[in-house]
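The values are calculated or read from the model by the stated rules, or taken from the named source; none is laboratory data. On a predicted model such as this, the values are computed, not experimentally measured, just so you know. Here the Cβ positions follow ideal geometry from the backbone for every residue, glycine too, while neighbour counts run over all protein chains shown.
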Amino acid sequence: MDARTDPGLDRARERFLGDGTVDERGVVRPEIVQSWERSRRAGVDADHLALPYDPDLDFEGSLVHCASPVLDDLTERLSGMAVAVVLSDAEGNVLDRRVGEGELRRRLDAISLAPGFSYAEEFAGTNGVGTALEGSAHAMVIGAEHFTDRLRAFACAGAPVYRPGGSLAGILDVTCLAAEANDLMRFLARQTAKDIEEVLRERGSAGARAVMAAFRTACVRARGPVLALAEDFVIANRSAHETLDAQDRDLVARHAADHRRGGPGEERVLLAEGPVRLLFTPSPAHRPSGVVVEVLRSTSTLRLAGGTGGAGVVPPRGPAAHPAPPARPLVGLAGTSRSWRSTSAALRAAAAGVNSTVVLGETGVGKAAAVRAAHREVRPAARLVVVDGEAPTAAEELATLPVELGTDPATVVVRRVEALDEQGAAALAQVIDTAAAEVWVAALVTGEEVGEGRRVHDVLGRFDGSLSIEPLRRRPEDVAPLVEALLARLAPGRRVRCSSEAMALLGGARWPGNVAQVEDVLRRALVARPAGDIEAGDLPAEVAVHGTRRRLTPLETAERDLIVGALIEARGNRVKAASALGMGRATLYRRLRAFGLTDVGR
Ligand SMILES: Nc1ncnc2c1ncn2[C@@H]1O[C@H](COP(=O)(O)OP(=O)(O)OP(=O)(O)O)[C@@H](O)[C@H]1O
């Protein structure tokens, strides 16, 4: 078949875009029909090309690094020819592009076949990159075989690039104008993909060797646990195996994954039996393919409050064969993860010991809720006073506290303590210094730390100890119990639950706003679904869209929100929503499918 000239193919494509059927099976290759069907299901718009753009892709990663010498060489050979070579990651995002000649470069820019844009099939429809990805196989797409109109002028051949361990690294695609398509493209794509795989193999083993060497050096120097994380392995020394259990090692590895790029770094985290500092050293230093982590007992002046071993000291742990019994979560709050139970135990102990405590954590993670729960559980008879560091009256409220409280037992919670000015910090210092023996002071810091050099930082250094509450994305097992508890609180008496599909979306979201964001999302879902269980389509687009792996353009985000708003307004009636939006019903259906919103407002 010559896809450049076959009018039957054009007709088949038109018919398919019209009614979704293909009668001319002999004219259209089966793999292309399958790809058209996938594109249609994903809601790709055949008339427009609107591709997500992400400026923060891994342009510095090992794939680009290893492909560079191969692509440099090819670029020289292709100079002056109307041929382009495109490298994408395993999700179809373009990472690198080399074009032999200026006119083709201009035309490729016009269809956004350029670094940062996604050519995944779900956005661009049938094409050399996305279709090769879907089938994990070579894909040649010529002219009218493309799903979207704008790509019909082109021909592309995509070939998968695999890492040494067998996982897919990305797609190498060769593109030219459809009128110039030839079989050599397919050959060129395959050969180039193979050449990149070869470099990945060579450099991968060199990188792994470098990580191993750095790991061994760290083990000789360090007394405690050391772990190393590379592209496809995690290793740990004997001390890590003996003193950290599997969940703690997993937690350390998850933190390490965030430190694979950039320079050396440090983080403080709370493990099962106390706070530790994690020192991260990317390896090799000039082009990291892994990271070595040393786990050190925390010696900061901001020590752990309470905890199983007393303030500031991580007790020596026996072999993992005698693990500490799991701590109970705080009464009245949801969460079952190891990290949440450790936080619960530490806060409970701090409240019982009346040890002044700094509680750190991202916004909405549950700092105030946790301190309140510890107060209710351990010191129910004491008075509870909450001061908001952001309030203009904060300094004044704190200044009057010592007199106001007298010798009564009390718990003083200062939210957003980092916002206190000089005066507020001085008043807080006075509360700490003069507080009666029965006053438990908890200062909550929204964020990871308080900038050094500020008065409030010095005051916090005088507290008995500190602890951090892990962001929700690092304890995903807490999402389900939180959803259940929050639904019960938001819709008392309704006994509403989430479908398993909705739960899967909630469990997979990143939750930058933590528990407060989960609460907000559920509140909106309850409006979308006034009775009955919550389905995936009832979830606001920020969660639903996450589930479709979509990254939206700003325009799409605005469009999606308009559509969701109109549907909620129309109580799920699509005809009404479409007319309110001034769009055809078919278009509305297509956009809903594209956004993964199948049931909004119903
Ligand atoms: N474990 C939990 N179980 C049930 N509800 C929780 C839990 N954690 C947090 N919440 C709820 O989530 C919301 C946000 O929690 P909270 O206000 O304590 O967060 P925060 O960390 O103090 O926030 P910020 O730093 O932004 O002030 C509250 O409604 C709280 O009741």
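A few remarks follow.
- Conditions (1) modelled with pLDDT of 95 or more; (2) crowded, with 17+ Cβ neighbours inside 10 Å: number failed by GLU362: (1)
- Residues satisfying the stated conditions in the range 346-364, i.e. in a helix (DSSP H, G or I) and within 27 Å of LEU487 (Cβ to Cβ): LEU347, ARG348
- Remark: ARG190 matches the filter, which requires a residue to be touching a His at 6+ places or on another chain (Cβ under 9 Å), farther than 15 Å from CYS66 by Cβ and surrounded by fewer than 20 Cβ atoms within 10 Å (Cβ to Cβ).
Results for (1) more than 13 Å from the ligand (Cβ to nearest atom); (2) assigned by TED's automatic domain parsing to the domain that holds VAL450; (3) crowded, with 21+ Cβ neighbours inside 10 Å, shown as yes or no for each residue.
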{"residue": "THR343", "(1), (2), (3)": "no, yes, yes"}
{"residue": "ALA350", "(1), (2), (3)": "yes, yes, yes"}
{"residue": "GLY366", "(1), (2), (3)": "no, yes, yes"}
{"residue": "ARG376", "(1), (2), (3)": "no, yes, no"}
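- Within the range 545-568, tally of residues that are in a helix (DSSP H, G or I), modelled with pLDDT under 70 and over 23 Å from GLU501 (Cα atoms): 4
- Test: ARG510 is surrounded by fewer than 18 Cβ atoms within 10 Å (Cβ to Cβ) and at pLDDT 90 or above: no
- Hey, ALA214 part of a helix (DSSP H, G or I), touching a residue at least 24 places away in the same chain (Cβ under 8 Å) and more than 21 Å from the chain's Cα centre (by Cα) or not: yes
- Filtered by the rule that a residue be of a type in the set (Asp, Glu) and farther than 23 Å from PRO329 by Cβ, the range 479-502 gives a lone residue, GLU501.
- Number of the exception - GLU404 against (1) assigned to a strand (DSSP E or B); (2) surrounded by fewer than 21 Cβ atoms within 10 Å (Cβ to Cβ): (1)
- When every residue of the range 268-282 is checked against the conditions, at least one turns out to be over 30 Å from ASP173 (Cα atoms), in contact (Cβ under 8 Å) with a residue 24 or more places away in the chain and small (Gly, Ala, Ser).
- Enumerated helices (runs of 4 or more DSSP H) restricted to the range 425-510, each holding at least 3 residues that are in contact (Cβ under 8 Å) with a residue 24 or more places away in the chain and within 16 Å of the ligand (Cβ to nearest atom): 479-490
- Pair list, Cβ < 6 Å and 6+ apart or interchain, from the range 357-379 residues that are among the acidic types (Asp, Glu) to residues that are within 12 Å of the ligand (Cβ to nearest atom): GLU362/PRO471; GLU362/ASN514; GLU377/VAL331
- The one condition in (1) touching a His at 6+ places or on another chain (Cβ under 7 Å); (2) within 14 Å of the ligand (Cβ to nearest atom) that THR411 fails to fulfil: (2)
- Answer residue from the range 378-390, given it is within 25 Å of PRO471 (Cα to Cα) and more than 12 Å from the ligand (Cβ to nearest atom) and is surrounded by the fewest Cβ atoms within 10 Å (Cβ to Cβ) among those: VAL378
- Summed over the range 56-93, residues that are farther than 16 Å from PRO115 by Cβ and not in a loop (DSSP other than H, G, I, E, B) total 9.
- Filtered by the rule that a residue be of a type in the set (Lys, Arg) and over 22 Å from ALA46 (Cα atoms), the range 94-143 gives ARG97, ARG98, ARG105.
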